[in-house]
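Chemist: I have a structure here, written as structure tokens, and I will follow up with some questions on it.
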Amino acid sequence: MGESGIVVTVQAKKKYVPIMLYWTNPDAKQAADARRASIGVQNGREREKMEELRYPIGKFEHEGEISAAQRRLWIQEIAALPGQLSEAARGLDGERLDTPYREGGWTVRQVVHHVGDSHMNCLMRFKLALTEEQPAIKPYEEQLWAELADSRALPVEPSLALVSALHVRWTALLESMTDEQFSRAFYHPGSGQVVRLDRCLGMYVWHGKHHTAHIDRLRDRMGW
Ligand code: NI
């Protein structure tokens, strides 16, 4: 009896020691988190943290009608974006540009080139919708574009210059647009949605801020 009692105690210890270690030893907790992350398991808090890194300003939301006053504010933000993006990337060198804004995410370099890719496509969508009757636009594989040589290797300056020039033209176009023109739309074959230009304007204001915030938040976290 005495002997088996000892065996039971040892088994109990064996059984509970790892659990105690998990809660009391921060290294063990970190290792367990890393193991879970490596096999794609996330708890609620980790998921929340990941969402925060991914969507630092939340997702685009706008319910209902878009007023002329709202459009005017958005147009000002389209005009301001190139300056904000340049400011976010200011002074970052090669190694910092190649730092992902989150684990598994794009590098700062890719983020800046992506804004160029994306807003270039968007200006074309505006022009298509303004000159054709609800045209189908051409979706593109943004993930794969971000892996191409220019996005991977070029300094960010060419894309900052591109975004600057692009937004000058885009702003001029937006400022000229009538209510009727803002109600024009294109068809997006990827999502199957018909997108009005006034809503598209809001989405791209969000988009520019969203990616600028990726860089700003990374700099904050890194103390750059
Ligand atoms: Ni994007």
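Computed from the coordinates by the stated procedures, all read-outs in this text should not be read as laboratory data. Predicted model only: the values in this text are computed from it and were never measured. Positions of Cβ are generated from backbone atoms using ideal geometry, with glycine treated the same way; all protein chains shown enter the neighbour counts.
Chemist: Between the range 53-90 and the range 123-197, how many Å separate their Cα centres?
Modeler: So the two Cα centres are separated by 15 Å.
Chemist: Rank by packing, highest mean first: peptides 44-57, 205-218, with packing defined as the count of other Cβ atoms within 10 Å averaged across residues.
Modeler: Details: 44-57: 12.9, 205-218: 20.6.
So the peptides 44-57, 205-218, ranked by packing, come out 205-218, 44-57.
Chemist: For the range 94-224, state what percent of all Cα-Cα pairs lands in each successive 10 Å bin, counting from 0 Å until the bin that includes the largest distance.
Modeler: Taking every Cα pair in the range 94-224, the percentages come to 12, 39, 32, 15, 3.
Chemist: Tell me which of 151, 206, 193 sits at the most positive position along the dipole axis of the range 86-224, charges placed on C-beta atoms (Lys, Arg +1; Asp, Glu -1).
Modeler: In the range 86-224, that residue is 206.
Chemist: Sum up the charges of everything whose Cβ sits under 14 Å from the Cβ of residue 128, counting Lys and Arg as +1 and Asp and Glu as -1, but leave residue 128 out.
Modeler: Taking every Cβ under 14 Å from that of residue 128, the sum is +3.
Chemist: Enumerate by residue number the GluC sites (Glu not before Pro) in the range 97-158 meeting two conditions: DSSP loop (anything except H, G, I, E, B), and at most 16 other Cβ atoms within 10 Å of the site's Cβ. Spell out each step's value before the answer.
Modeler: Working: sites: 103, 132, 133, 141, 142, 147; in loops: 103, 132, 133, 141, 147.
Filter output for the range 97-158: 103, 132, 133, 141, 147.
Chemist: For residue 127, list the aspartates and glutamates whose Cα falls under 17 Å from its own Cα; do not include residues on the same chain fewer than 8 positions away.
Modeler: Excluding near neighbours in sequence, the set is 117, 175, 179, 180, 198.
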